[in-house]
C-alpha cells in the first residue's frame with residue numbers, strides 16, 4: 001500500500017512502515033526496506049523471547065492482497081490493545097515501569113545482535129497491567145561499534161520526566177503533554193535542584209548531556225566526522241547506568257485529600273457496603289465489556305466492575321490516588337484495570353501534528369458504561385460546570401451511566417458551599433433528573449441507606 | 001592486560017570525540033551530536049569500571065587465597081567478553 005489510506009497519524013515518522021485501520025481492525029504495514037531487520041527479529045529468537053515475556057506485542061502475519069503492492073513487504077496484525085494511553089496520563093510508577101521495560105528490551109535486543117532504533121514512551125502501552133512495546137518495527141540490526149541512536153530520546157521521554165517528578169514535583173509529568181518528543185534536557189537541567197549534580201548518573205545523563213547538546217548545538221555544516229565507536233560492553237554499561245538512574249527515582253506519595261478519600265467520607269460502613277452492592281447490581285443489568293470509571297480515586301468501584309469481567313479504565317485527577325491504584329494493580333497482578341491520570345475539566349486533547357498525532361480521550365474508545373460516583377458535585381459546584389454540560393459530555397463519551405447524585409443537604413456539598421454563595425439553583429434532584437433525561441432514560445433510582453445520596457442507572461437515548 | 005590496553009585506547013578515542021564538530025546522521029531519529037558525545041563518554045567510563053571491577057576482584061581473590069586454583073578457574077569463566085571494538 002503506497003497511498004497510506006487509513007494510515008494513523010501516530011506512525012508517520014517511521015519510513016519502515018506504518019499503522020492503518022481497515023474494517024475496524026488495526027494493521028501494520030512493513031516496507032521492503034525493513035525486511036532484513038524483521039527477519040533478524042524473528043530468526044534470532046528475540047521476537048519469541050520478548051513476546052513470551054509479555055514485553056513485546058505479538059502479531060499475526062496476514063495476507064491483505066487488496067492493499068499489498070510493490071511497497072509492501074508484510075502486513076501484520078498486532079495483538080489488540082483495549083485502550084491506548086499516553087505518558088502524560090501515567091502515574092509516576094507506570095512511567096518508571098515503562099522506562100525499565102524499554103531498557104530491558106534494549107538489553108535483550110543487544111544480546112540478539114539488534115538494537116532499539118527509538119525509545120519513545122508512546123511505543124509502550126499497558127496491556128493486562130504490564131508495560132509492553134507495541135512497535136514491532138522499533139528493532140534494527142545492531143552495527144558493531146555504533147552508538148545508541150535512541151539515547152537522547154530515552155532521556156527526554158523517560159529519565160528527565162521521572163527525575164523531575166521525583167525531585168521537584170510529580171505534576172511535572174504534564175511537561176510531556178506540551179513537549180511531544182519528551183522534556184528538553186536543558187529545561188530539565190534548569191528545573192532540577194543543584195543537589196542532583198552530586199549523583200553521577202544524573203550528572204552525566206541529564207546535566208552534562210544537556211551541556212553537551214548546547215555545546216554542539218551550533219555544529220553543523222557539511223563537515224562529516226566519523227561517529228564515536230562504542231563497544232558492546234560499553235553499550236551494556238550505558239544501559240545499565242540508565243537503569244540505575246531510573247531505578248533510583250522514587251516518589252513518596254503525599255497523603256492527599258483524594259488518596260485519603262475512603263477514610264474521609266461521610267458514609268457509614270453500612271452505606272459503603274450498600275453503595276457497592278447497588279453499583280454491582282446496576283452493572284449486572286448493563287453487562288458492560290468496557291467501563292470508564294470517572295473520578296475513580298484509588299479504584300474501589302473499578303474493581304467491582306473488573307470483578308464482573310469488564311475491562312476498566314480508571315481515571316482520576318489526583319496523582320497520588322492514581323499511583324495507589326496502579327500499585328495495587330501491580331501488587332495484585334490485576335489484568336482488567338488501567339489506572340490513568342485525567343482532569344475531567346481539562347481532559348487530554350489531540351496533540352502533535354495536526355492535533356491528530358495523539359488522540360483526545362474521547363476518540364480512543366467508547367465505553368459500554370460510565371461510572372460517575374461521588375463526582376457530580378465536584379464538577380457542578382467546585383468547577384461550576386452546568387449539569388447540562390456534564391450530561392451532554394457523558395452522553396458523547398457513550399454507553400450507559402451509573403451516576404451518584406449528592407444533594408446540597410449532604411455534608412460534603414455543604415462544606416463546598418460554606419465559603420461561597422450558592423449560585424447553583426439547578427443543583428437539586430428534580431432538575432438533575434430533568435436535565436439528564438434529555439440525554440438518558442432513567443432506568444433505576446435507588447437511595448443509598450444511611451446517606452443523603454442516590455444512585456441512578458441511566459441508558460442513553 | 002589486553003583489556004586494560006583496550007580500555008585505555010577507548011578512553012583516548014573518547015577524548016578525541018570531544019573535539020568532534022559533527023556526527024553523521026544515519027537513522028530517522030536525529031540523535032544529536034551532543035548526545036553522541038556524552039553517550040560515548042559514559043559508555044567508556046562504564047566499560048572501564050566493569051574492567052576495573054573484574055581485575056580488582058581477581059586481585060583480591062588472589063591475595064585472599066593465592067593457591068586456590070578452583071577459584072581462579074571460576075574467575076576465568078567470569079571474564080568479561082572481549083570488546084567488539086577492534
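The values are calculated or read from the model by the stated rules, or taken from the named source; none is laboratory data. Since the model is a prediction, treat every value here as computed from it, not as a measurement. No Cβ is skipped: glycine too gets one built from the backbone with ideal geometry, and neighbour counts run over all protein chains shown.
Just a few scattered comments:
- Of all residues in the range A:177-201 being within 11 Å of residue A:155 (Cα to Cα) and away from chain B (no Cβ under 12 Å), the one that is surrounded by the most Cβ atoms within 10 Å (Cβ to Cβ): A:188
Residue-by-condition table, conditions (1) modelled with pLDDT of 90 or more; (2) under 30 Å from residue A:236 (Cα atoms); (3) part of a strand (DSSP E or B); (4) in contact with a helix residue (DSSP H, G or I) (Cβ under 6 Å, 6 or more places away or on another chain):
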site: A:5; (1), (2), (3), (4): no, no, no, no
site: A:21; (1), (2), (3), (4): no, no, yes, no
site: A:28; (1), (2), (3), (4): yes, no, yes, no
site: A:41; (1), (2), (3), (4): yes, yes, no, yes
site: A:49; (1), (2), (3), (4): yes, yes, no, no
site: A:67; (1), (2), (3), (4): no, no, no, no
site: A:103; (1), (2), (3), (4): yes, yes, no, yes
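- Against the numbered list (1) more than 13 Å from the chain's Cα centre (by Cα); (2) buried (at least 17 other Cβ atoms within 10 Å of the Cβ); (3) within 14 Å of chain B (Cβ to nearest Cβ); (4) not in a loop (DSSP other than H, G, I, E, B), residue A:122 comes up short only at (1).
- Restricting A:296, A:306 to residues that are touching a strand residue (DSSP E or B) at 6+ places or on another chain (Cβ under 7 Å) and closer than 20 Å to residue A:412 by Cβ narrows the list to A:296.
- One residue from A:243, A:229 being surrounded by 13 or more Cβ atoms within 10 Å (Cβ to Cβ), within 14 Å of another protein chain (Cβ to nearest Cβ) and at pLDDT 95 or above: A:243
Every residue, every condition in (1) in contact with a strand residue (DSSP E or B) (Cβ under 6 Å, 6 or more places away or on another chain); (2) farther than 30 Å from residue A:245 by Cα, yes or no:
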{"residue": "A:8", "(1), (2)": "yes, yes"}
{"residue": "A:14", "(1), (2)": "no, no"}
{"residue": "A:49", "(1), (2)": "no, no"}
{"residue": "A:70", "(1), (2)": "no, yes"}
{"residue": "A:75", "(1), (2)": "yes, yes"}
{"residue": "A:96", "(1), (2)": "no, no"}
{"residue": "A:105", "(1), (2)": "yes, no"}
{"residue": "A:113", "(1), (2)": "no, no"}
{"residue": "A:120", "(1), (2)": "no, no"}
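- Within the range A:337-356, considering residues that are free of Cβ contacts under 8 Å to residues at least 40 places away in the same chain and in a loop (DSSP other than H, G, I, E, B), the one surrounded by the fewest Cβ atoms within 10 Å (Cβ to Cβ): A:346
- Looking only at the range A:256-296, residues that are modelled with pLDDT under 95 and surrounded by 22 or more Cβ atoms within 10 Å (Cβ to Cβ) come to 1 in all.
- Counting the residues of the range A:296-336 that are assigned to a loop (DSSP other than H, G, I, E, B), out of contact with any helix residue (DSSP H, G or I) (no Cβ under 7 Å at 6 or more places or on another chain) and farther than 21 Å from residue A:169 by Cβ gives 5.
- The set of residues in the range B:16-48 being more than 7 Å from every other protein chain (Cβ to nearest Cβ), surrounded by 14 or more Cβ atoms within 10 Å (Cβ to Cβ) and at pLDDT 65 or above consists of B:41, B:45, B:48.
- For the range A:128-146, a residue qualifies if it is surrounded by fewer than 24 Cβ atoms within 10 Å (Cβ to Cβ), within 11 Å of chain B (Cβ to nearest Cβ) and touching a helix residue (DSSP H, G or I) at 6+ places or on another chain (Cβ under 7 Å), and the qualifying residues are A:140, A:142.
The rows are residues; the columns are (1) over 35 Å from the mean Cα position of the chain (by Cα); (2) free of Cβ contacts under 8 Å to residues at least 60 places away in the same chain; (3) exposed (fewer than 14 other Cβ atoms within 10 Å of the Cβ).
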site: A:406; (1), (2), (3): no, yes, no
site: A:413; (1), (2), (3): no, yes, no
site: A:417; (1), (2), (3): no, yes, no
site: A:424; (1), (2), (3): no, yes, no
site: A:427; (1), (2), (3): no, yes, no
site: A:440; (1), (2), (3): no, yes, no
site: A:446; (1), (2), (3): no, no, no
site: A:449; (1), (2), (3): yes, no, yes
site: A:454; (1), (2), (3): no, yes, no
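- Subset of the range A:424-461 (residues that are more than 15 Å from residue A:374 (Cα to Cα), assigned to a helix (DSSP H, G or I) and in contact with a strand residue (DSSP E or B) (Cβ under 7 Å, 6 or more places away or on another chain)): A:433, A:436
- Residue that is surrounded by the fewest Cβ atoms within 10 Å (Cβ to Cβ) [pool: residues in the range A:380-404 that are free of Cβ contacts under 8 Å to residues at least 40 places away in the same chain and closer than 27 Å to residue A:287 by Cα]: A:396
- When each of A:55, A:40, A:35 is tested for being in contact (Cβ under 8 Å) with a residue 40 or more places away in the chain, more than 23 Å from the chain's Cα centre (by Cα) and more than 14 Å from chain B (Cβ to nearest Cβ), the lone residue that passes is A:40.
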